[in-house]
Amino acid sequence: MRLTLFNVVVAVIIAIAFAAVNAAYLVWAERRGAARIQRRPGPNINGPFGLLQPPLDGIKLMAKQLTIPGGADKILFIAAPVLAMFPAIMSFVTIPFSENIVAKNMNVGVLMIFAFAALGSTSLLFAGWSSRNKYAMMASIRAVSQTVAYEIPMLITTITVVMIAGSMDLMEIVHQQSGSILSWNIFPLFGRSHNILMPMSFLIFFTCTLAETNRAPFDLGEAESELVAGFHTEYGSMGFGLFFMGEYANIVIGSCMTTILFLGGWGCPFGLFPGVWWFIIKLYLLIATFIWIRWTFPRTTIYGLLNLSWKILIPLSLFNLLFTAGLLKVF
């Protein structure tokens, strides 16, 4: 399909709508899931099962005035929440949900997603710095250090999968896993590399995705007991809303990437009837796992968080990369 301005605008509008609907109703799903786990009622008043709660919350946020604290850098303060949402929206453009459902397939799709993901940490730093709030500033520094620490093992693990597939094209990575569940990259003995460490690669990537999205037990950038509300302490109305839309959009992107890299994308576990419905099932099962982990495990400490990456995940991912390279050379 020829790339035109009209196609780009339509793709961006669809990506924004998809991200907004996901952010709204994943908040509802998270609140309902948390209520079930903690044995308490969740949102159940507005509409059947509380389904009208997300649009009402959105209207409430849009109706509130965006206040900028005195002494803040106004330009950066306003730009930070937009910058938190922009990389997520652009990443949706290159994600293939099926053979035919992709806005723009690129032969460097993996590289594009990681390039945009790197902008997310900039928005956190902008938010803390521009607020002129010491708690927000400390929280943004912690959030950026966490993001940088976990981007390294995530990228190394992704390079491992790219080496196995022989391409950075996301559709090609899915095609390499076509067939039954035994062809997926998460299963070591039946893939192209015969790497027995691929289940560990999946766990490393999934753990890094949790940390990259600031999800508990890795939400040290938003540690309310230590840093008020974190890097967005001074934000209200839709400034606050955009940060959380970006967070939930990043959860969807992380789950999409996990599905594409390790779980066969839109492929059927039984090798029959592949399609977007299998991609959606895998995607939301992973998101349900995100919710389950958040409301089950307690928050860790900042030292434990960083040590997990620098002392454990990075050495393991490097060893796995070298091991995979050796296997590919032999086989």
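Checking the structure you have, find out if any residue of the range 40-50 is touching a Phe, Trp or Tyr at 6+ places or on another chain (Cβ under 8 Å) and either without any contact (Cβ under 8 Å) to a residue 24 or more places away in the chain or part of a helix (DSSP H, G or I) (or both). Yes, the range 40-50 has at least one match.
Criterion first (in a helix (DSSP H, G or I) and at pLDDT 90 or above) does Leu61 satisfy it?
It is false that Leu61 is in a helix (DSSP H, G or I) and at pLDDT 90 or above.
Condition check ((1) without any contact (Cβ under 8 Å) to a residue 60 or more places away in the chain; (2) among the aliphatic types (A, V, I, L, M); (3) touching a Leu at 6+ places or on another chain (Cβ under 9 Å); (4) open to solvent by 40 Å² or more (accessible area, probe 1.4 Å)) across all residues:
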site: Ser130; (1), (2), (3), (4): yes, no, yes, no
site: Ile141; (1), (2), (3), (4): yes, yes, yes, yes
site: Ile156; (1), (2), (3), (4): no, yes, yes, no
site: Thr160; (1), (2), (3), (4): no, no, yes, no
site: Asp169; (1), (2), (3), (4): no, no, no, no
site: Ile173; (1), (2), (3), (4): no, yes, yes, no
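Only a single criterion out of (1) closer than 30 Å to Phe126 by Cβ; (2) open to solvent by 50 Å² or more (accessible area, probe 1.4 Å); (3) of a type in the set (D, E, K, R) is not satisfied by Asp57, namely (2).
Table: residues versus (1) small (Gly, Ala, Ser); (2) touching a Gly at 6+ places or on another chain (Cβ under 9 Å); (3) buried (at least 24 other Cβ atoms within 10 Å of the Cβ).
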site: Ala88; (1), (2), (3): yes, yes, yes
site: Thr94; (1), (2), (3): no, yes, no
site: Met112; (1), (2), (3): no, no, no
site: Phe116; (1), (2), (3): no, no, no
site: Thr122; (1), (2), (3): no, no, no
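Of the residues making up the range 6-23, none is modelled with pLDDT of 90 or more and either touching a His at 6+ places or on another chain (Cβ under 6 Å) or of a type outside the set (Asp, Glu) (or both). For the range 26-39, a tally of residues being open to solvent by 90 Å² or more (accessible area, probe 1.4 Å) and part of a helix (DSSP H, G or I) returns 2. Take the conditions at positive phi and of a type outside the set (Asp, Glu) and apply them to Arg132. Does it pass? Yes.
Could you list all residues from the range 97-110 that are touching a Phe, Trp or Tyr at 6+ places or on another chain (Cβ under 8 Å) and buried (at least 16 other Cβ atoms within 10 Å of the Cβ)? Those that are touching a Phe, Trp or Tyr at 6+ places or on another chain (Cβ under 8 Å) and buried (at least 16 other Cβ atoms within 10 Å of the Cβ): Phe97, Ser98, Ala103.
The values are calculated or read from the model by the stated rules, or taken from the named source; none is laboratory data. All of these numbers come straight from a predicted model, not from anything done at the bench. FYI the Cβ positions are ideal-geometry reconstructions off the backbone, even for glycines, and counts take in every protein chain you see. For accessibility, only protein heavy atoms count, side chains too; no ligands or nucleic acids. Shrake-Rupley method; radii C 1.70, N 1.55, O 1.52, S 1.80 Å.
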